[in-house]
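> Attaching a single structure in structure tokens format; questions to follow.
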Amino acid sequence: MATILDGKAVSAAVKQEVKTEVEALKQKGISVGLAVIIVGDNPASRTYVNNKKKACAEAGIVSEEYALPESTTQAELLGLIDTLNKKDSIHGILCQLPLPKHLDEKAVIAAINPEKDVDAFHAVNVGHIMIGDYSFLPCTPAGIMEMLKYYNIPVAGKECVVIGRSNIVGKPMAMLLLQQNGTVTVCHSKTVHLAAVTARADILVAAVGIPKFVTADMVKDGAVVIDVGMDRDENGKLCGDVDFDAVAPKAAFITPVPGGVGPMTIATLLKNTVTAARKVCEKEL
Ligand code: NAP
């Protein structure tokens, strides 16, 4: 049976480091601030935003919520971002995705000052990640790397397979594994013989968005299995992209859902926010 990679425990350690740094910045006169924008009333987005605000409060980060109605126009949203870009007490800006269909996500991400882009979605930050010279790392992939480090799971030389190529998870995940000298394959909906590819993986990351998509036959004995999925099963219960009960007996390590990758994503967001504030502090000195 696999060892469970406990995202709650690892994230608690990260959050404690963040809290210490937030207090140190406070001593220097900087109160770390995060603006959280949510547009519309998507219940999943509301849950994510509430969790992020709660984590900020626990770490001593001031979070300001901007809850905008579904009818918000592109100009109104960009106007708010412009105001927050200029607001000194705000070090990080997060716009919860997905946005309602009539809003242009790409333009919204591009409008955020890269120095306040704590999600690391802006093309400038994505470019920095590509060349391995960055301030912020995207929260979910960076949280996963942190978890691998915590459990002393080596990446160098390992066969790493990422299922999913989204800009927020799959692609940056592949990049971070590559930077740690993994041999990386990225799979997607057009991949043929997917199970044959995933069965080669020493480290398998599933970021697909389909409940229990990864079955035991797709996993090598002794693999490290990272489940990014936040899905609902046939009974409406939260589950991941991995069929946990079937895969866990084969794997060496596995993340549960909930309690695996999710808490690490939030911890990394806090870390990025404090990094943004520290950079402001360093500029001022
Ligand atoms: P996404 O943008 O929908 O991307 C899904 C990816 O899966 C796409 O690249 C897609 O391929 C691929 N895919 C779909 N069907 C496939 C198939 N049959 N075989 C192989 N690949 C397939 O999703 P995302 O934003 O990356 O999120 C993925 C999951 O992670 C979701 O459940 C989401 O809720 C969750 N998530 C969790 C966290 C967290 O903190 N735990 C953070 C972010 C996301 P194509 O590119 O070819 O379409």
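> From the helices alone, meaning DSSP H stretches of at least four residues, give me the mean residue ellipticity at 222 nm for the chain, per-run term -39500 (n - 2.57), in deg cm²/dmol to the nearest 500.
After summing the helix terms and dividing by residue count, I get -13000 deg cm²/dmol.
> Only four residue types carry charge here, +1 at the Cβ of Lys and Arg and -1 at the Cβ of Asp and Glu. Report the dipole size of the stretch 166-270 about the Cα centre in Debye, rounded to the nearest 20.
Dipole about the Cα centre, nearest 20: 280 debye.
> Of Thr275, Gly229, Pro263, which is farthest on the positive side of the dipole of the stretch 155-275, counting Cα position, with +1 on Lys and Arg Cβ, -1 on Asp and Glu Cβ, and the Cα centre as origin?
Thr275
> Calculate what fraction, in whole %, of the accessible area of the chain sits on carbon and sulfur atoms when a 1.4 Å probe is rolled over the protein chains.
56 percent
> Next up: Where nothing but the Cβ of Lys and Arg (+1) and of Asp and Glu (-1) is charged, how large is the charge dipole of the chain around its Cα centre, in debye to the nearest 20?
Dipole about the Cα centre, nearest 20: 300 debye.
> In degrees, nearest 10, range 0 to 90: what is the angle between the Cα axis of helix 139-150 and the longest Cα principal axis of the chain?
Around 60 degrees separate the two axes.
> Quick check: net charge around Asn125, other residues with Cβ under 10 Å of its Cβ, Lys/Arg +1 and Asp/Glu -1?
That works out to -3.
> Quick one: order Ser71, Ser89 from most to least accessible surface, probe 1.4 Å.
The ordering from most to least exposed comes out as Ser71, Ser89.
> Measure nothing but the geometry: give the 0 to 90° angle between the long axis through the Cα atoms of 74-86 and the longest principal axis through the Cα atoms of the chain, rounded to 10°.
So the helix axis and the longest Cα principal axis differ by about 70 degrees.
> I would also like to ask the following. Given a 1.4 Å probe, how much area per residue of the stretch 1-149 is accessible, in Å²?
In whole numbers, the stretch 1-149 has 48 Å² accessible per residue.
> Residue farthest toward the positive end of the dipole of the chain, with Cβ of Lys/Arg at +1 and Asp/Glu at -1: which of Met1, Val124, Gln179?
Value: Gln179.
> On a 1.4 Å probe surface of the protein chains, which of His193, His102 comes out largest in accessible area, and what is the full order?
His193, His102
> Mean-square fluctuation check for the chain, GNM, Cα pairs under 10 Å: which of Val242, Val228, Val39 is largest?
Val39
> Still on this model: Please figure out what share of the DSSP beta bridges in the stretch 198-285 is antiparallel and state it in percent, rounded to the nearest 5.
Within the stretch 198-285, antiparallel bridges account for around 20 percent of the total.
> So, one more: Please state the relative contact order of the chain as a whole percent: Cα pairs under 8 Å, 6+ residues apart?
23 percent
> What residues qualify as long-range amide H neighbours of Ser63, i.e. H under 5 Å apart, gap of 5 or more or another chain, H built at 1.01 Å from N?
Correct list: Leu34.
> Distance between Cα centroids, the stretch 100-144 to the stretch 217-285: provide it in whole Å.
19 Å
> Contour minus end-to-end for Asn85 and Asp233, with contour as 0.36 nm per residue of separation and end-to-end as the Cα-Cα distance?
Net length gain for the segment: 49.3 nm.
> Nearest 10 degrees is fine. How inclined is helix 7-27 to the longest principal axis of the chain, computing both from alpha carbons?
It works out to around 20 degrees.
> Okay, next question. Suppose R0 equals 30 Å; then what is the FRET efficiency for Lys28 and Ile131 from their Cβ-Cβ distance, rounded to the nearest 0.05?
Efficiency computed from Cβ-Cβ geometry: 0.45.
> Can you work out the accessible area per residue across the stretch 165-285, with the rest of the protein chains kept in place, probe 1.4 Å, in square angstrom?
Dividing the accessible area of the stretch 165-285 by its residue count gives 45 Å².
The values are calculated or read from the model by the stated rules, or taken from the named source; none is laboratory data. Worth saying up front: this structure is predicted, and the values here are computed from it rather than measured. Positions of Cβ are generated from backbone atoms using ideal geometry, with glycine treated the same way; all protein chains shown enter the neighbour counts. With ligands, DNA and RNA removed, areas are computed over all heavy atoms of the protein, side chains included. Shrake-Rupley method; radii C 1.70, N 1.55, O 1.52, S 1.80 Å.
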